[in-house]
1. Among the numbered criteria (1) at pLDDT below 95; (2) under 26 Å from residue 118 (Cα atoms); (3) surrounded by fewer than 20 Cβ atoms within 10 Å (Cβ to Cβ); (4) touching a helix residue (DSSP H, G or I) at 6+ places or on another chain (Cβ under 7 Å), which single criterion is violated by residue 33?
2. Show the residue pairs that are 6+ apart or on different chains and have beta-carbon atoms under 6 Å apart, the first residue being within region 343-371 and on the phi > 0 side of the Ramachandran plot and touching a residue at least 40 places away in the same chain (Cβ under 8 Å), the second being surrounded by 13 or more Cβ atoms within 10 Å (Cβ to Cβ) and in a loop (DSSP other than H, G, I, E, B).
3. If we scan region 371-384, do we find a residue that is out of contact with any helix residue (DSSP H, G or I) (no Cβ under 7 Å at 6 or more places or on another chain) and buried (at least 23 other Cβ atoms within 10 Å of the Cβ)?
4. Considering (1) modelled with pLDDT under 95; (2) farther than 21 Å from residue 205 by Cα, say which one residue 399 fails and leave the rest.
5. Determine, yes or no, whether residue 480 is more than 35 Å from the chain's Cα centre (by Cα) and at pLDDT below 95.
6. Go through 365, 342 for me and flag whichever is surrounded by fewer than 17 Cβ atoms within 10 Å (Cβ to Cβ) and modelled with pLDDT of 95 or more.
7. Write out, first by first residue and then by second, each pair whose Cβ atoms fall under 6 Å of each other, whose residues are 6+ apart or on separate chains, and whose first residue, in region 388-406, is farther than 16 Å from residue 436 by Cβ while the second is at pLDDT below 95 and exposed (fewer than 15 other Cβ atoms within 10 Å of the Cβ).
8. Looking only at residues in region 345-355 that are closer than 15 Å to residue 375 by Cα and over 22 Å from the mean Cα position of the chain (by Cα), which one is surrounded by the most Cβ atoms within 10 Å (Cβ to Cβ)?
């Protein structure tokens, strides 16, 4: 075989890159639903390379073969696009990353890229660790980051234990995230980033994002937002000026519950006081080619395609689940056995006004059903049961239609008690900081009819009246196998 020379492959890659840039610009002009359905996968690519498949193929191979040594050298030197090894890159994962970057920047001129990860926790690590390296000229100089306390329990542990305790990187805690003065007083010359989760899981914390972004950029530090609950169907922080968005793809995006995944979406040329021009120019490409190449926290091709398929109907599903959650929240708000309801959609919620500034159903003004911008507040809510921890457990145990699991964002309604599950490891003091009392039940409303969810909640709450309920758990059902039997 005659060698074609490296320049042959560089020129071909240049032509391909130009075509893909033009294709992405054409896709950016489409509506949200069209992007969610098609992403960056094109008919031309299908016909030229994928047997005409109208759905993105799943490339299960671990690696890519090369035509000759010149192509391998150019590829392994990152001079041309490649999926040399699926720990680093893979075509199916590329399709997923492409649609995430387009959806998170929808309606704006922001140029962003995405890196997919094996889980939401891996996404958080990928997003924050490049900013937490020691000062080269003075490794003993302390560094810190500022983040809210009202975050997912796994995030709390990563920050409090993995970062603060083990690596001695100080987590400066914001308790009231909507108090901009609290953010500002914690920032100093050693602060590397600001981090918030909105709406928070499970407490529905929210803050004026634009003010926090303005504050971060005034100090030349990036703002990182976990937008898992909202998804780009309700809020797109990059379009508002944030630097990085984190998504636990396992949740609302992959609503089927078939897989685990995460994503980091970052604007090009982000703000940072860390002296790393390559990282700031294209954070996700930097992470893909360097730290994540070496650490390996990357998404599998199968989970990528599962997420892609669920994302195609994201907007309409979020609309449906938001409307149902509002109906359920209103029911619980007036129930005699409910002490408090946390749902940003309720006008009585203290953060309703600031949430209404940011949470909008994307493209509702172009929807024939609405014809105007409409607020939607997502599928996650929580409520406190009167009578304390045991009363909450009694109600929780009585649920028959709503699944008891440490999960959220499912097409089926799911509930948990965070104090004994998702936030148990952070201890009582940590739960107080996050405002998670033992009588709080987190509820994520699925796509069932809200009447049926309300009926289940009504019968579950009735146990506090001393009314008997009929259990539908397997060990009491005709022909059912108990969990003990299954374990054998």
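The values are calculated or read from the model by the stated rules, or taken from the named source; none is laboratory data. Worth saying up front: this structure is predicted, and the values here are computed from it rather than measured. Note that we place each Cβ from the backbone using ideal geometry, even for glycine, and neighbour counts take in every protein chain shown.
1. If we test residue 33 against (1) at pLDDT below 95; (2) under 26 Å from residue 118 (Cα atoms); (3) surrounded by fewer than 20 Cβ atoms within 10 Å (Cβ to Cβ); (4) touching a helix residue (DSSP H, G or I) at 6+ places or on another chain (Cβ under 7 Å), just (1) comes out false.
2. Partner pairs satisfying both residue conditions: 363/31.
3. Yes; the residues of region 371-384 include at least one that is out of contact with any helix residue (DSSP H, G or I) (no Cβ under 7 Å at 6 or more places or on another chain) and buried (at least 23 other Cβ atoms within 10 Å of the Cβ).
4. In the conditions (1) modelled with pLDDT under 95; (2) farther than 21 Å from residue 205 by Cα, residue 399 misses (1) alone.
5. Values: more than 35 Å from the chain's Cα centre (by Cα): yes; at pLDDT below 95: yes.
So residue 480 fits the description; yes.
6. On the way: 342 fails: surrounded by fewer than 17 Cβ atoms within 10 Å (Cβ to Cβ).
Being surrounded by fewer than 17 Cβ atoms within 10 Å (Cβ to Cβ) and modelled with pLDDT of 95 or more holds for just one of 365, 342, which is 365.
7. Note: pairs meeting the criteria are 398/469; 400/472.
8. Residues of region 345-355 closer than 15 Å to residue 375 by Cα: 345-347, 349, 351-355.
The next check asks that each one be over 22 Å from the mean Cα position of the chain (by Cα); those that pass are 346-347, 349, 353.
On the way: 346: 17, 347: 7, 349: 20, 353: 12.
Residue satisfying both the conditions and the ranking: 349.
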